[in-house]
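Got a structure for you, questions after.
The values are calculated or read from the model by the stated rules, or taken from the named source; none is laboratory data. Model, not experiment: these values are computed from the prediction. Virtual Cβ from ideal backbone geometry, glycine too; neighbours counted across all protein chains shown.
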Amino acid sequence: MIENIFSQAVRAAITHWRSNVTFDYMLNCLAHPRELGKELLPLIENELKSRDCSCAQVKDFVWNNPHVRLEDVFEPPELPETPTDFRPVPEVEGTVLAQVTAIACLATISSAAVSYRSENEGDLFVNLVVLPPDRGAFSDKSAGKMSGHTDGVSFPIRGQRDPENDRIAPSPDFVCLSALRNPNQVPTMVMPLDHLMKRLSKDHIDELKKPQYIIASQLTFREGMKKILGDDLIVDDAQLLFEMNGSWWIRFSHSSTQIADIDKKSAQEAMDALKDACADCAIPVALRPGDIALVNNRIALHGRSEVGKEYGKQTRWLLRTYGLDVSDINTEQWHDGSNFMLYP
Ligand SMILES: [Fe+2]
């Protein structure tokens with residue numbers, strides 16, 4: 001299984017690298033993820049080679065799968081209590097190692113670890129945890145079930161531009177989840193696009209390809225969008241399905257997508273069919289501490305089962321970052337000269 005080889009190679013490379021650097025060096029590397037990726041890549045290449053594998057093979061595999069789970073890719077860490085906010089990520093051995101490993105996995109598949117300035121102040125890694133009840137809509141969202149969506153849904157897919165603002169960077173190619181704690185084995189749900197397509201009629205597919213949907217930004221982006229753009233980013237002529245060189249890509253969010261013309265029944269019916277398909281096609285992925293999931297944000301939707309209201313202590317704790325092929329990103333699509341923080 002290529003994912004096992006990938007996982008073992010990354011773990012071996014990082015374990016060896018870690019034995020030769022200080023904690024402060026490792027911490028400093030997180031501020032320069034592209035450079036860190038370059039430093040780690042030859043080590044991983046060597047480990048893959050010794051297992052009769054290559055970065056090219058791993059890359060081909062990961063980019064063509066709705067999700068890849070890398071089991072035991074880092075040592076399940078000793079940790080402080082689970083934080084009660086998205087940021088900051090506590091700076092301890094276990095969390096730093098999980099972040100370095102995530103950057104290494106992404107570098108192996110030619111994907112840069114990126115963030116958006118408008119979400120969580122642009123932090124490259126955020127805690128996915130349950131928030132205390134005093135955080136209103138954020139608390140409810142963090143504890144509840146999450147329906148299928150792509151992340152950064154109001155941003156264009158890679159290769160396209162926002163219709164009104166050239167600076168807007170594309171949504172991520174990958175959502176990268178590093179599991180630190182998951183005591184109740186709450187699954188991340190993955191809905192592969194090829195499974196969804198099989199449940200849609202030709203008419204539904206044609207409708208979903210038309211620019212007739214309104215997409216608003218997801219909750220975690222809204223405050224930041226207002227600060228940076230002066231307003232929420234809302235796309236009012238979005239298509240949801242894209243034909244990309246013989247395959248399909250999707251952008252969609254149950255909670256942030258609606259039809260542009262309320263009289264257009266066919267558009268609504270196609271979206272309802274997509275939602276029904278999501279309910280039928282969800283694959284549960286219960287991550288264990290030390291696992292990393294690479295969820296493909298073009299050819300899969302993802303969501304989550306209900307987590308429950310308990311927070312802090314030993315409760316569920318994942319770290320999340322995004323991966324993107326940045327070879328065609330323009331200078332102005334980066335935020336303030338950063339090489340990991342995208343605009344807006
Ligand atoms: Fe998400």
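Taking the stretch 252-279 as the region of interest, how many residues are touching a residue at least 60 places away in the same chain (Cβ under 8 Å), over 11 Å from Gly148 (Cα atoms) and not polar (S, T, N, Q)?
Total satisfying the criteria: 5.
With respect to Glu81, determine if the residue is of a type in the set (D, E, K, R) and more than 21 Å from the chain's Cα centre (by Cα).
Details: of a type in the set (D, E, K, R): yes; more than 21 Å from the chain's Cα centre (by Cα): yes.
Yes; evaluated as a whole, the condition is true for this residue.
Which of the residues spanning the stretch 248-285 are among the polar types (S, T, N, Q) and modelled with pLDDT of 95 or more?
Result: Ser253, Ser256, Thr257, Gln258, Ser266, Gln268.
Could you please find all residues in the stretch 295-344 being of a type in the set (A, V, I, L, M) and farther than 18 Å from Thr82 by Cβ?
Of the residues in the stretch 295-344, the ones of a type in the set (A, V, I, L, M) are 295, 299-301, 307, 318-319, 324, 326, 329, 341-342.
Selection gives Val295, Ile299, Ala300, Leu301, Leu324, Val326, Ile329, Met341, Leu342.
Within the stretch 177-224, restricting attention to residues that are surrounded by fewer than 22 Cβ atoms within 10 Å (Cβ to Cβ) and β-branched (Val, Ile, Thr), which residue is nearest to the ligand (Cβ to nearest atom)?
The extreme case among them is Thr220.
Follow-up question, since we're still on this one. Whether any residue in the stretch 252-259 is farther than 23 Å from Asp276 by Cβ and part of a loop (DSSP other than H, G, I, E, B) is what I want to check.
If we filter the stretch 252-259 for residues that are farther than 23 Å from Asp276 by Cβ, which is where we start, we get none.
No; the residues of the stretch 252-259 include none that is farther than 23 Å from Asp276 by Cβ and part of a loop (DSSP other than H, G, I, E, B).
At least 1 residues that are hydroxyl-bearing (Ser, Thr, Tyr) and more than 29 Å from Asp236 (Cβ to Cβ) in each: list the strands (runs of 3 or more DSSP E) lying fully within the stretch 104-223 that qualify.
174-181, 188-192
Which of (1) without any contact (Cβ under 8 Å) to a residue 40 or more places away in the chain; (2) part of a loop (DSSP other than H, G, I, E, B) does Asp236 not meet, given it meets every other one?
Result: Asp236 passes all but (2).
May I ask you to list the residues in the stretch 225-251 that are surrounded by 14 or more Cβ atoms within 10 Å (Cβ to Cβ), touching a helix residue (DSSP H, G or I) at 6+ places or on another chain (Cβ under 9 Å) and farther than 22 Å from Val126 by Cα?
If the condition is that a residue be surrounded by 14 or more Cβ atoms within 10 Å (Cβ to Cβ), touching a helix residue (DSSP H, G or I) at 6+ places or on another chain (Cβ under 9 Å) and farther than 22 Å from Val126 by Cα, then Gln239, Leu240, Leu241, Trp248, Trp249, Ile250 are the ones that fit.
Got at least one residue in the stretch 106-128 being over 18 Å from Ser256 (Cα atoms), more than 18 Å from the chain's Cα centre (by Cα) and away from the ligand (no atom under 16 Å from the Cβ)?
The answer is no; no qualifying residue exists.
For the stretch 74-109, name all the residues that are of a type outside the set (Gly, Ala, Ser) and under 18 Å from Pro183 (Cα atoms).
Phe74, Glu75, Pro76, Pro77, Glu78, Leu79, Pro80, Glu81, Thr82, Pro83, Thr84, Thr95
On to the next question. Here are some residues: Val295, Val326. Which one is surrounded by 19 or more Cβ atoms within 10 Å (Cβ to Cβ), more than 16 Å from the ligand (Cβ to nearest atom), farther than 12 Å from Val129 by Cβ and not hydroxyl-bearing (Ser, Thr, Tyr)?
Answer to the selection: Val326.
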